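Everything on this sheet refers to the single structure shown next.
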Amino acid sequence: MFEKLFNKVSNCKFKQAESTLCVMCCHVLEKNTPILSVAHDMEDIWQFFCGADGHEYNDIRIVTLSEVTEIDSCSNELSEIPLGAGAIRASTEEAWRQYTLDVE
């Protein structure tokens, strides 16, 4: 059991530590909905969502970057997104489109 736990090879390509805490919606984490929206906000917090509008506070979960890449290895494609930017895609078959976050 411990061998499986401690010898796990990570596929995380992010510059931040694999243990970095991130925000993820429950739809991705608990309902196997794909990640369709990603933001890297100005406070250096990564956010991974299903793309649906209207998330509420109780829809939010805290995960590590390592968990994000385990859930969806395609998230590694976004590891270089700078602070204050994000990316969206309409489906997992679509390419990511990057954008600048609205900062107020």
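The values are calculated or read from the model by the stated rules, or taken from the named source; none is laboratory data. A quick note: this is a predicted structure, and the numbers were derived from the prediction, not measured. Note: ideal-geometry Cβ built from the backbone for every residue, glycine included; neighbour counts use all protein chains shown. For the accessible areas, the whole protein counts, side chains as well, though only heavy atoms, and no ligand, DNA or RNA atoms are used. Shrake-Rupley method; radii C 1.70, N 1.55, O 1.52, S 1.80 Å.
Can you find a residue in segment 40-50 that is of a type in the set (Phe, Trp, Tyr) and at pLDDT below 95? No, the conditions are met nowhere in segment 40-50. Residue pairs whose Cβ atoms lie under 6 Å apart, separated by 6 or more positions or on different chains, with the first residue in segment 9-24 and under 27 Å from residue 56 (Cα atoms) and the second modelled with pLDDT under 90, are 18/10; 18/12. Restricting segment 81-104 to residues that are among the aliphatic types (A, V, I, L, M) and under 19 Å from residue 51 (Cβ atoms), the residue that is surrounded by the fewest Cβ atoms within 10 Å (Cβ to Cβ) is 95.
Can you tell me how many residues within segment 48-64 are open to solvent by 50 Å² or more (accessible area, probe 1.4 Å) and not aliphatic (A, V, I, L, M)? Number of matching residues: 7.
Answer yes or no: is there a residue in segment 10-23 that is in contact with a His (Cβ under 7 Å, 6 or more places away or on another chain), surrounded by 10 or more Cβ atoms within 10 Å (Cβ to Cβ), of a type in the set (A, V, I, L, M) and modelled with pLDDT of 90 or more.
Pass one, segment 10-23, residues in contact with a His (Cβ under 7 Å, 6 or more places away or on another chain): none.
No, because not a single residue in segment 10-23 is in contact with a His (Cβ under 7 Å, 6 or more places away or on another chain), surrounded by 10 or more Cβ atoms within 10 Å (Cβ to Cβ), of a type in the set (A, V, I, L, M) and modelled with pLDDT of 90 or more.
Quick one: would you say residue 78 is farther than 21 Å from residue 12 by Cα, open to solvent by less than 50 Å² (accessible area, probe 1.4 Å), out of contact with any helix residue (DSSP H, G or I) (no Cβ under 6 Å at 6 or more places or on another chain) and hydrophobic (A, V, I, L, M, F, W, C)? Here the answer is no, as residue 78 does not meet what is asked.
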